[in-house]
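Asks: The structure's right below; bear with me while I get my questions together.
The values are calculated or read from the model by the stated rules, or taken from the named source; none is laboratory data. This one's a predicted model, so the numbers in the text were calculated from it and none came from an experiment. All Cβ positions, even for glycine, are placed from backbone atoms using ideal geometry, and neighbour counts span all protein chains on display. Note: areas computed on protein heavy atoms with side chains; ligands, DNA, RNA excluded. Shrake-Rupley method; radii C 1.70, N 1.55, O 1.52, S 1.80 Å.
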Amino acid sequence: MHYREVETASEYVARLETGADWRAEIESLADEVEADAAWFTALGAVQDAELWFYDQDECEYYPLAFDEPLEVASCVGNVSLLEGDRFAHTHVVLSDDEGVAYAGHLNEATVWAGEVHMRVFEEPLEREYDETTELDLWL
Amino acid sequence: MHYREVETASEYVARLETGADWRAEIESLADEVEADAAWFTALGAVQDAELWFYDQDECEYYPLAFDEPLEVASCVGNVSLLEGDRFAHTHVVLSDDEGVAYAGHLNEATVWAGEVHMRVFEEPLEREYDETTELDLWL
Amino acid sequence: MHYREVETASEYVARLETGADWRAEIESLADEVEADAAWFTALGAVQDAELWFYDQDECEYYPLAFDEPLEVASCVGNVSLLEGDRFAHTHVVLSDDEGVAYAGHLNEATVWAGEVHMRVFEEPLEREYDETTELDLWL
């Protein structure tokens, strides 16, 4: 296992803008507060969503599109540097009007309402290519 | 995007009382430690639950009742002031005896067992009516 | 309600090892940093999983096995002492290649990739048998 002690430099709460992209909004927050490493949790609702499923055999992401209003029942993720840019690795659990849950890696989603808590770390985190999983991982 | 830097004034872990209401218990904790703004995550199990789904066209919540024991696989939320009272905005992911997940905005649920981590912020958060979504949002 | 004020002694980010057990990895981190009480959230993917559902009438856990690659859309849990050992109480939300979500108490799962944030508390937490639920609870 790879781990690193981190120190929280600052903490933020944010409200995501209705109509904006969920993940882009989180990356905007990271840009605005110059967070090169951060951890966040969030909740809210979206107007649509595209999840990505990672095929562990093919080592490729496949998109799953949802074109309906969904609650964001859970959102956990982190910010790190990926090829020099701040990238918000974002996993969510969504639910439809019958409470049925869909979940996975969030690529994009149109915000209806979103509330985020982000803690920014002193130490940067940088993603690098991992040969085993063909994913960009940190540490 | 609207955001605010916050400082953690204090942190708590809590065990929710079996038979009590999940959200009311979190609000009791907030009352007891005088938290006007807080962020929490939690896990556990409930004996039943009522989720609310927000209809983005009608701008109204609809209830979804579950009358069976469910795991609380995830709970993310925050405490803020709503018309002068402490309100715990609470999203959950629940699961039944086959592992099937249901999720959304939690109105009420009878605690079987619950474990909460809450961080209380120095700065208060207050909800106000938002015309676009017809929700009470902060910031 | 039972609660305790805690202080964060240290914080960590960790990457779980591909092929290792998800929960054992978190317990290894706790052992390595000597965390007798901690709170964590995490995300990632696993190659398989065994969830446990707690039957509230029988007061017994039943296993639910999943033999396929799954995203870890959410993971919330805590570390405390159970009969002298560090135990990571771990709830997860998983999703399959169609985005369908499964959730509950995680017993074991083979890591594909995992990213964890753990905060370690100064004060230890110890689990003891609770007669009402027949679970080992703290506080």
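Listed here are the residues, each with its yes/no results for (1) out of contact with any helix residue (DSSP H, G or I) (no Cβ under 7 Å at 6 or more places or on another chain); (2) in a strand (DSSP E or B); (3) farther than 26 Å from C:F53 by Cβ.
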site	(1), (2), (3)
B:W52	yes, yes, no
B:P63	yes, yes, no
B:S74	yes, yes, no
B:S80	yes, yes, yes
B:H91	yes, yes, no
B:L94	yes, yes, no
B:D97	yes, no, no
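Asks: Which of the residues that make up region B:94-112 are within 23 Å of C:D136 (Cβ to Cβ) and open to solvent by less than 10 Å² (accessible area, probe 1.4 Å)?
Replies: B:L94, B:S95, B:G99, B:A109, B:V111
Residue-wise test of (1) under 22 Å from B:L135 (Cβ atoms); (2) of a type in the set (V, I, T).
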| residue | (1), (2) |
| --- | --- |
| A:V79 | no, yes |
| A:L82 | no, no |
| A:A88 | no, no |
| A:E115 | yes, no |
| A:V120 | no, yes |
| A:E126 | no, no |
| A:Y129 | no, no |
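Asks: Residue by residue through region B:54-65, note down the ones that are within 18 Å of B:A24 (Cα to Cα) and free of Cβ contacts under 8 Å to residues at least 40 places away in the same chain.
Replies: B:A65
Asks: Kindly indicate the residue of region A:52-99 that is facing chain C (nearest Cβ under 8 Å) and of a type in the set (A, V, I, L, M) and also nearest to A:A35 (Cα to Cα) among those meeting that condition.
Replies: Of everything passing the filter in region A:52-99, A:V76 is nearest to A:A35 (Cα to Cα).
Asks: Give the residues of region B:10-30 that are over 14 Å from the mean Cα position of the chain (by Cα) and either among the polar types (S, T, N, Q) or closer than 20 Å to B:G84 by Cβ (or both), sorted by residue number.
Replies: Residues satisfying the conditions are B:S10, B:T18.
Asks: Among the residues of region C:7-25, write down those that are in contact with a Ser or Thr (Cβ under 9 Å, 6 or more places away or on another chain) and more than 10 Å from chain A (Cβ to nearest Cβ).
Replies: If the condition is that a residue be in contact with a Ser or Thr (Cβ under 9 Å, 6 or more places away or on another chain) and more than 10 Å from chain A (Cβ to nearest Cβ), then C:E7, C:D21, C:W22, C:R23 are the ones that fit.
Asks: Okay, next question. Would you mention how many residues in region C:26-53 are buried (at least 21 other Cβ atoms within 10 Å of the Cβ) and touching a residue at least 60 places away in the same chain (Cβ under 8 Å)?
Replies: 15
Asks: Give region B:1-22 a look and list any residue that's of a type outside the set (F, W, Y) and open to solvent by 40 Å² or more (accessible area, probe 1.4 Å), or say none.
Replies: Once the filter is applied, which keeps residues that are of a type outside the set (F, W, Y) and open to solvent by 40 Å² or more (accessible area, probe 1.4 Å), region B:1-22 yields B:M1, B:H2, B:R4, B:E5, B:E7, B:T8, B:A9, B:E17, B:T18, B:G19, B:D21.
Asks: Write out, first by first residue and then by second, each pair whose Cβ atoms fall under 7 Å of each other, whose residues are 6+ apart or on separate chains, and whose first residue, in region C:94-111, is of a type in the set (D, E) while the second is open to solvent by less than 10 Å² (accessible area, probe 1.4 Å) and assigned to a strand (DSSP E or B).
Replies: From region C:94-111, the pairs are C:D96/C:L70.
Asks: Somewhere in region A:107-123, is a residue in a loop (DSSP other than H, G, I, E, B) and of a type outside the set (K, R)?
Replies: Yes.
Asks: Against the condition open to solvent by less than 10 Å² (accessible area, probe 1.4 Å), closer than 25 Å to A:Q47 by Cα and within 17 Å of the chain's Cα centre (by Cα), how does A:L125 come out, does it pass?
Replies: No, not satisfied.
Asks: In region A:62-77, what count of residues is obtained for those that are surrounded by fewer than 24 Cβ atoms within 10 Å (Cβ to Cβ) and touching a Phe, Trp or Tyr at 6+ places or on another chain (Cβ under 9 Å)?
Replies: Final tally of qualifying residues: 5.
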